[in-house]
1. Please work out if residue 127 is in a loop (DSSP other than H, G, I, E, B) and either in contact (Cβ under 8 Å) with a residue 24 or more places away in the chain or within 18 Å of residue 158 (Cβ to Cβ) (or both).
2. Inspect all residues belonging to region 153-160 and state whether any of them is surrounded by fewer than 20 Cβ atoms within 10 Å (Cβ to Cβ) and over 15 Å from the mean Cα position of the chain (by Cα).
3. Would you pick out the residues in region 199-218 that are surrounded by fewer than 17 Cβ atoms within 10 Å (Cβ to Cβ) and over 18 Å from residue 131 (Cα atoms)?
4. Which condition from (1) at negative phi; (2) modelled with pLDDT of 95 or more; (3) out of contact with any helix residue (DSSP H, G or I) (no Cβ under 6 Å at 6 or more places or on another chain) is the one that residue 184 breaks?
5. Looking for whichever is farther than 17 Å from residue 127 by Cα and part of a loop (DSSP other than H, G, I, E, B) here; the options are 141, 194, 145, 174. Which one fits?
6. Have a look at 174, 131 and point out the one that is crowded, with 17+ Cβ neighbours inside 10 Å and touching a strand residue (DSSP E or B) at 6+ places or on another chain (Cβ under 8 Å).
7. Working only within region 227-249, note down all residues that are in a helix (DSSP H, G or I) and crowded, with 19+ Cβ neighbours inside 10 Å.
8. Which members of region 231-257 meet the condition of being within 20 Å of residue 188 (Cβ to Cβ) and out of contact with any helix residue (DSSP H, G or I) (no Cβ under 8 Å at 6 or more places or on another chain)?
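The values are calculated or read from the model by the stated rules, or taken from the named source; none is laboratory data. Because the structure is predicted, anything quoted here is derived from the model rather than measured. Note: ideal-geometry Cβ built from the backbone for every residue, glycine included; neighbour counts use all protein chains shown.
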């Protein structure tokens, strides 16, 4: 008998399975408000000239592949922005201002743009209740700090070496705050109460124009011994807690008088 060729019928579900096996999967797009916030950040900081900007401004559904962007497991929300260099000699090259639409990233947990050339004010962070880390050190930021009230998840806030001015922000209600660093700015006035901050371990505010009496040192800050207060123009009153926190006795031994502090730029 002649050999009979076998014929395998291909069922519809097999065709569909084959299609998905060889076709890249499309991901659900993040909300349009979050996508627009990312595009605004890119456009307002000269994204076309960043050192790295792979896939940025690609079609909806690609946002989680954009350089420096992290998303939730189901890729439905942006959860991190990391546009900082690993070394001081490198930079992403962000130049310009942060957009007001940044606050639309309500699921954002981490924001890091350290070591760039971003100027202007830090926009409102209101509503960013999942934000744990905000890092913008070594930029050209200016103006007052936005309110941090309501950022209940905040753990680290770092804005060292900018041109930030205005009063020290109120920190009440930030029960998860571990570290606040703002060395080398132009903050003025007193430091408000540090009561109700059970997680706080370090306060770095050297090189500002802060004045007045220091609030009592939280016990966790004193025990960590990882804080910097001077130079500033605080009232120089003995405080064993701050001695322990700064590792200096007295804590104000490296502080300067207001006249000297304000005259540095005119010598």
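1. Taking the combined requirement at face value, the residue satisfies it.
2. Within region 153-160, not a single residue is surrounded by fewer than 20 Cβ atoms within 10 Å (Cβ to Cβ) and over 15 Å from the mean Cα position of the chain (by Cα).
3. 209, 211, 212, 213, 215, 216 - these are the residues of region 199-218 that are surrounded by fewer than 17 Cβ atoms within 10 Å (Cβ to Cβ) and over 18 Å from residue 131 (Cα atoms).
4. Only one criterion is unmet by residue 184, namely (1).
5. 194
6. Only one candidate passes the filter, namely 131.
7. The answer is 242, 244, 245, 246.
8. 234, 235, 236, 237, 252, 254, 255, 256, 257
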